[in-house]
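First the structure, which I've put down as C-alpha cells, then a few questions once you've had a look.
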Amino acid sequence: MKTEAIAWMIAAVSVATSVYSVLRHREADIKFEVLRADFRLGLEALTKRFEEASRSLGEETPPADNTLLFDCVGDWCTADSTKHFLFPKGIVIGYKTEGCSYGDGILSVDGYGYDTGEGQNCPQGNGSVTLGQRNTATGRSAVVTGGKMNTAEYDSSWVGGGQLNVASGSASAVSGGYGNKAEGWVASISGGESNTATGESSSIAGGYRGTATNYYSTINGGYYNEATGEASSVTGGSYNKATGDYSSIQGGNKNLASGETSSVSGGNRIVVDKKYSTGAPFNRTSDGWWIADKNSHFLFSRGLVVGKKNMACNYGNATLTVDAGKKEEGTNCPSGQGSVTFGISNKVTGSFSTILGGMKNKVSKKGGAILGGKKKNISEDFKTIPKL
C-alpha cells in the first residue's frame, strides 16, 4: 500500500503539470472551457485516489516523532500505557560491558559501572538474564539473578546469588553460597561452600565440600560428605560416605554405607557393607523384642551384665555375669579381670576365674573355677571345685 500511495501522488503531480503546460501552449487552438472542464473532472478523480492512498500510507507509517510514545516531564519519561514495546535484541539497563557478545532477547541490569562508565555483567546466551555484579549467563535462557562473579553456563540453568557459583548442567540451579558447582542435569545446590553436585537430579542443601555424584543422590549438610550411590543420601556429620545404591547415613564421623539399601544412623567409623543392613546393632519387633543384627559381631570391651547390676560391685574388665538379682539389685560380683559369675551371690576377685553356678561361692585366686554348690571357696591358683 505504501508503494501504491506514492505512485498515485507522482501520477497526480505529473498529470497536473502536463495539463497546465498544454493549456498554456495550446490555448489558442483548443476550446478552453472544454479542456478546463475535463481537467477539473480528472483532477478530482486523482485527488480522491490520492487521499485514499494517503490514508493507507498514514496507517502503516509510525509517526516521525517517536517521542509521541513517551510523556516526558523533566528527566522522567513515561511510556504510552496503550502500547506494548518489543525489543528483539534485548535491553541493557545501566552500563554496557565492553567485550561482551550480547545474545538476542537478553536483559541485563548493570549498575556497577558508575565509577568506570563500563558494565560488568554479560548475558551471552539468547534469552539470558544477568543481574548483580560481574555475572555471566552463557546458556540459552540462562539466568543469574544476583550475587557476584556467578556463571550460568548451560541452557535453562540458574544461579540465584552468592559468589563464584557455577550452574553448568542443563536446567541446573545454585541458590546461593560460595564456590558451589551444579554440574549434573537438573542438579541443584541450595547453599554452603565448595559443594559439587554432578549426578543427574542430585542435590545438596548445604555444608562444606559435599559431593553428590549419582542419580538422585543427596547431601543435607555437614562437611566432606559423599553420596556416590544411586539415590544415596547423607544427612550430616563429617567424612561420611554413602556408596551403595539407596544407602543412607544420618550423621556421625567417617561412617561408610556400602551395601545396597544399607544405612548408618550415626556413630564413628561404622561400616555397613551388607545388603539391607541398617548398621544399628538392634532392631525392635512389634512385640517388644530387640533383635541383634545377624550380620554383626558385638564387642564388649568392659564386660557384659545380663540381668541386674550389683551396685556394690567393682566390676573388672572383660567380665561376664548372669544375675537375676534379689529384689531390684544384682548379687553377683565378677571383680577379677576376665572373670565370670553365674548363680546367686557369687564373688570372684581372682583374674580369669569362674563360678558357673550355685550360691555364695568365692574365688580369690587366678585361674580358679567353681562348677556349682553352696559356700565353696577357692584360695589357690588354678584350682577347680569339684575336681574334674
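The values are calculated or read from the model by the stated rules, or taken from the named source; none is laboratory data. None of the values given here were measured: they were computed from a predicted structure. No Cβ is skipped: glycine too gets one built from the backbone with ideal geometry, and neighbour counts run over all protein chains shown. Calculation scope for accessible area: heavy atoms of the full protein, side chains included, ligands and nucleic acids excluded. Shrake-Rupley method; radii C 1.70, N 1.55, O 1.52, S 1.80 Å.
Among the listed residues G139, G192, which satisfies the condition of being buried (at least 20 other Cβ atoms within 10 Å of the Cβ), in contact with a Phe, Trp or Tyr (Cβ under 7 Å, 6 or more places away or on another chain) and at positive phi?
None of the other options fit; the residue is G192.
Return a yes/no flag: does region 304-323 have any residue that is assigned to a loop (DSSP other than H, G, I, E, B), at pLDDT 95 or above, among the small types (G, A, S) and open to solvent by 70 Å² or more (accessible area, probe 1.4 Å).
Yes, that holds for at least one residue.
Restricting attention to region 270-292, report how many residues are in a loop (DSSP other than H, G, I, E, B) and touching a strand residue (DSSP E or B) at 6+ places or on another chain (Cβ under 7 Å).
Total satisfying the criteria: 5.
Could you run through region 341-364 and say how many residues are of a type outside the set (S, T, Y), part of a loop (DSSP other than H, G, I, E, B) and either under 60 Å from the mean Cα position of the chain (by Cα) or closer than 18 Å to N317 by Cβ (or both)?
3
Could I ask something else about it? What are the residue pairs meeting all of these: first residue in region 358-385, first residue aromatic (F, W, Y), second residue open to solvent by 70 Å² or more (accessible area, probe 1.4 Å) and modelled with pLDDT of 95 or more, Cβ atoms under 9 Å, and 6 or more apart or on different chains?
F382/K365; F382/K366
Considering every residue within region 87-94, establish whether at least one is at pLDDT 90 or above, touching a Pro at 6+ places or on another chain (Cβ under 9 Å) and assigned to a strand (DSSP E or B).
yes
Return a yes/no flag: does region 372-379 have any residue that is of a type in the set (V, I, T) and closer than 30 Å to S263 by Cβ.
Looking through region 372-379, none of the residues is of a type in the set (V, I, T) and closer than 30 Å to S263 by Cβ.
Given S202, S262, S232, S277, which one is open to solvent by less than 40 Å² (accessible area, probe 1.4 Å), at pLDDT 95 or above and farther than 25 Å from T145 by Cα?
Just one listed residue meets the conditions, S232.
Being open to solvent by 80 Å² or more (accessible area, probe 1.4 Å) and of a type in the set (A, V, I, L, M): is that true of L86 here?
yes
Right, next: Checking N295 against (1) under 23 Å from S353 (Cβ atoms); (2) assigned to a loop (DSSP other than H, G, I, E, B); (3) in contact with a Ser or Thr (Cβ under 9 Å, 6 or more places away or on another chain), which test does it fail?
(1)
Could you go through region 121-133 and let me know if any residue there is within 30 Å of S203 (Cβ to Cβ), open to solvent by less than 40 Å² (accessible area, probe 1.4 Å) and in contact with a Cys (Cβ under 7 Å, 6 or more places away or on another chain).
Yes, the conditions are met somewhere in region 121-133.
What single numbered condition from (1) at pLDDT 95 or above; (2) more than 22 Å from the chain's Cα centre (by Cα) fails to hold for V174?
(2)
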